[in-house]
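See structure below.
The values are calculated or read from the model by the stated rules, or taken from the named source; none is laboratory data. In this text, all values refer to a predicted model and were calculated from it rather than measured experimentally. Using ideal geometry, Cβ is built from the backbone for each residue, glycine included, and neighbour counts are taken over all protein chains shown. Just so you know, the surface numbers come from the protein's heavy atoms only, side chains and all, with ligands and any DNA or RNA stripped out. Shrake-Rupley method; radii C 1.70, N 1.55, O 1.52, S 1.80 Å.
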Amino acid sequence: MPGAVENTASPASSDTGRSIGEQRPLRVGILGCGHVGAALVALLQRDAAHLGGRTGLELEIARVAVRNLSAERSVELPPSVLTRDSESLVTADDVDIVVEAMGGIEPARHLTTAALGAGKPVVTANKELIANVGEELFALAEDHGVDLAFEAAVAGGIPLIGVLRHSLIGERITRVMGIVNGTTNFILTRMTEHGADYAEVLGEAQRLGYAEADPTADVEGSDAGAKAAILAMTAFGAKVVAGDVHQEGISRIGRRDIVAAARMGHVIKLLAVAERQNGEIAVRVHPAMVPLDHPLASVRDAFNAVFLEGEAVGDVMLYGRGAGGFPTAGAMLGDLIRVAQNLRRGVCDSFGPLCAARLRPIDETFTAYHLQFDVADAPGVLAAVSGAFGQHGVSIRSVEQTTRGGATDDVAHLEFITHRAREADVAATLRDVRELSVVRRVGNAIRVIGE
Ligand code: NDP
Ligand code: HSE
């Protein structure tokens, strides 16, 4: 895992032939000037004097690459700085450090590869990139003795990766659990507190700059899944990629689920969980009912929060803005300064080797569940449904028959909460219940934490 290593990639080389160790401005090339890139430009423009005073660094924006040169921007840049030529930017002599704020795997992957190959450190906010091809990029950075920094890729402005890579590097982390997607937390908060319409709130999250270019990544869980993979990789030093993460999003969550959670004194949150147990790692993203007295229940809007559990340190909780241009740019600026300081000293932070991980399949994980069914309101029906639970060894903690939900004169609404049960056994129970002729509708199965 991390440690400072000597930068062997001739830090002295530059177009002027002067050493990077000399106090000349360090020139930054930025890929992307959208929500995040533009906020970073604004911070660099606004805070230049403050940054110089605090760090002794002068950071100069040399080039900014975008797709559309004539698009309106929230920041002003000289025409000589704005370019469509991202290929040249990453290897240009007048660029010392590359910032990647464009998103997606390609062309970000080959541009990052080219920058690192040219001995230029890279700062990225791109979770998709790190979660899918992080290992190859870390190896390349290491080969060239330069930094690849990615604080902003997980939980926006929260200093989480730095805590894992530096402050808690000596800890044996056993579990990381939290809310790591701002868009879905914003949507769920509005649906819970204002009864808002899903599609409308998603549109608002997009306007506020929280959502990904394709918001399916937010609502179907792949954005949080990529972040969960990065957290597992960073916390456990293990090879975990986005494809290893079990992902469920919030698009199926409806009014009935939110009301059912509220009646139990819970709220629904999209959780990312990475845990290490008996040499195995389990990583998943799914909606869950969280009791109101749990600290994660009070994380509202686009805020994120992450619990880290370490063997020596115990519980650590980090909370902050998980999305939005400025919080994310703030995290990138911190990376940029650290990378610039390393460049001056001719060192870099090594990510260290990743070990192969034995991944526990989702079927083998244990959680409590909230399950809802609409059934015929007739004698023996409750026994038939409960029987399916018993057959698969799923223990029922509580069951309630209500006149709410889908209940009518001849249809009863049943809500079960199970004790912690094996995922595969809950799935088998649901399969059997679905086949009962007395069952009219099987509602969402939602995990419950804190049980
Ligand atoms: P935007 O869509 O707002 O901005 C993307 C920028 O990249 C645009 O300026 C776009 O140019 C430029 N771009 C895209 N493709 C190319 C290309 N092929 N060549 C040159 N420029 C290109 O995205 P965000 O700013 O929201 O996100 C950027 C990154 O930050 C993503 O990886 C995202 O996951 C990550 N992130 C975002 C957060 C957020 O809250 N928004 C929080 C944390 C991380 P043009 O403007 O001309 O279209
Ligand atoms: N779309 C992401 C979110 C941006 O909503 O959390 C921050 O990574």
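Here is how the numbers come out for the structure above:
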| item | result |
| --- | --- |
| Residue count, the stretch 354-405 (criterion: over 19 Å from residue 288 (Cα atoms), under 32 Å from the mean Cα position of the chain (by Cα) and among the charged types (D, E, K, R)) | 2 |
| Hey, residue 118 in contact with a His (Cβ under 9 Å, 6 or more places away or on another chain) and at pLDDT 95 or above or not | yes |
| Some residue of the stretch 311-318 being over 30 Å from residue 196 (Cβ atoms), surrounded by 15 or more Cβ atoms within 10 Å (Cβ to Cβ) and at pLDDT 95 or above | yes |
| Residue match in the stretch 271-293 (condition: among the basic types (Lys, Arg) and within 16 Å of ligand 2 (Cβ to nearest atom)) | no |
| Test result for residue 259, within 23 Å of residue 319 (Cα to Cα) and either assigned to a loop (DSSP other than H, G, I, E, B) or away from ligand 1 (no atom under 15 Å from the Cβ) (or both) | no |
| Meets criteria (within 16 Å of ligand 2 (Cβ to nearest atom), in contact with a strand residue (DSSP E or B) (Cβ under 9 Å, 6 or more places away or on another chain) and at pLDDT 95 or above) for residue 101 | yes |
| Enumeration of residues in the stretch 179-199 that are in contact with a helix residue (DSSP H, G or I) (Cβ under 7 Å, 6 or more places away or on another chain) and either assigned by TED's automatic domain parsing to the domain that holds residue 91 or away from ligand 1 (no atom under 13 Å from the Cβ) (or both) | 179, 187, 190, 191, 192, 196, 198 |
| Residue in the stretch 104-117 that is surrounded by fewer than 24 Cβ atoms within 10 Å (Cβ to Cβ), within 16 Å of ligand 2 (Cβ to nearest atom) and part of a loop (DSSP other than H, G, I, E, B) present | yes |
| Test result for residue 182, among the small types (Gly, Ala, Ser) and closer than 23 Å to residue 290 by Cα | yes |
| For residue 162: the one exception among (1) assigned to a helix (DSSP H, G or I); (2) within 14 Å of ligand 1 (Cβ to nearest atom) | (2) |
| Some residue of the stretch 247-263 being closer than 17 Å to residue 359 by Cα and touching a residue at least 12 places away in the same chain (Cβ under 8 Å) | yes |
| Filtered residues of the stretch 191-246 (kept if of a type in the set (A, V, I, L, M), near ligand 2 (Cβ under 10 Å from one of its atoms) and surrounded by 21 or more Cβ atoms within 10 Å (Cβ to Cβ)) | 205, 211, 217, 219, 224, 226 |
| Counted residues, the stretch 22-71 - those being outside any strand (DSSP E or B) and away from ligand 2 (no atom under 16 Å from the Cβ) | 29 |
| Every residue from the stretch 352-394 that is among the acidic types (Asp, Glu) and either within 28 Å of residue 280 (Cα to Cα) or touching a helix residue (DSSP H, G or I) at 6+ places or on another chain (Cβ under 8 Å) (or both) | 363, 364 |
| Criterion: touching a Gly at 6+ places or on another chain (Cβ under 6 Å) and either open to solvent by less than 20 Å² (accessible area, probe 1.4 Å) or acidic (Asp, Glu) (or both) - qualifying residue of 302, 297 | 302 |
| Evaluation of residue 213 against (1) closer than 17 Å to residue 137 by Cβ; (2) modelled with pLDDT under 95; (3) among the small types (Gly, Ala, Ser) (one fails), failing number | (1) |
| Which listed residue is under 14 Å from the mean Cα position of the chain (by Cα), within 27 Å of residue 315 (Cα to Cα) and in contact (Cβ under 8 Å) with a residue 60 or more places away in the chain, from 237, 225, 279 | 225 |
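Conditions tested, residue by residue: (1) more than 17 Å from residue 238 (Cβ to Cβ); (2) surrounded by fewer than 18 Cβ atoms within 10 Å (Cβ to Cβ).
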site: 137; (1), (2): no, no
site: 145; (1), (2): yes, no
site: 149; (1), (2): yes, no
site: 157; (1), (2): yes, no
site: 166; (1), (2): yes, yes
site: 169; (1), (2): no, yes
site: 172; (1), (2): no, yes
site: 177; (1), (2): no, no
site: 181; (1), (2): yes, no
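Matching residues to (1) assigned by TED's automatic domain parsing to the domain that holds residue 288; (2) within 23 Å of residue 284 (Cα to Cα); (3) at pLDDT below 95; (4) not charged (D, E, K, R):
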| site | (1), (2), (3), (4) |
| --- | --- |
| 396 | no, no, no, yes |
| 412 | no, no, yes, yes |
| 418 | no, yes, no, yes |
| 424 | no, yes, no, yes |
| 431 | no, yes, no, no |
